[in-house]
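Asker: Can you keep this structure in mind? I'll have questions shortly.
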Amino acid sequence: MGMIERIEKDIERLDEASFAAFREWFMEYDQARWDRKIEADSRSGKLDALVDEALGQHRAGKSTPL
């Protein structure tokens with residue numbers, strides 16, 4: 001059994017309170033990990049083309065207020 005399968009089985013055995021605590025921790029962890037990835041991509045210039053395209057469309061009047 002691989003590591004992922006062991007983790008899945010452990011999660012399946014959690015009681016409701018433990019599962020709720022795990023879910024909250026995992027959501028916060030996942031969001032923080034995503035934020036770090038976006039920040040790293042931004043610093044490295046990987047998002048520059050997307051930003052330039054979005055700004056160009058905005059300048060061309062193709063954006064709408066939120």
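Every number in this text was worked out from the coordinates using simple rules, so none of it is lab data. In this text, all values refer to a predicted model and were calculated from it rather than measured experimentally. All Cβ positions, glycine included, derive from the backbone under ideal geometry; neighbour counts span all protein chains shown.
Asker: For region 3-60, just say rounded, prolate or oblate: build the C-alpha gyration tensor, square-root its eigenvalues into a ≥ b ≥ c, call rounded for a/c under 1.5, and beyond that prolate if a/b exceeds b/c, oblate if not.
Answerer: Judged from the Cα gyration tensor, region 3-60 comes out prolate (a/c at least 1.5, a/b above b/c).
Asker: Would you mind getting me the FRET efficiency between GLU53 and TYR29? Use the beta-carbon distance for r and R0 = 35 Å, nearest 0.05.
Answerer: 0.65
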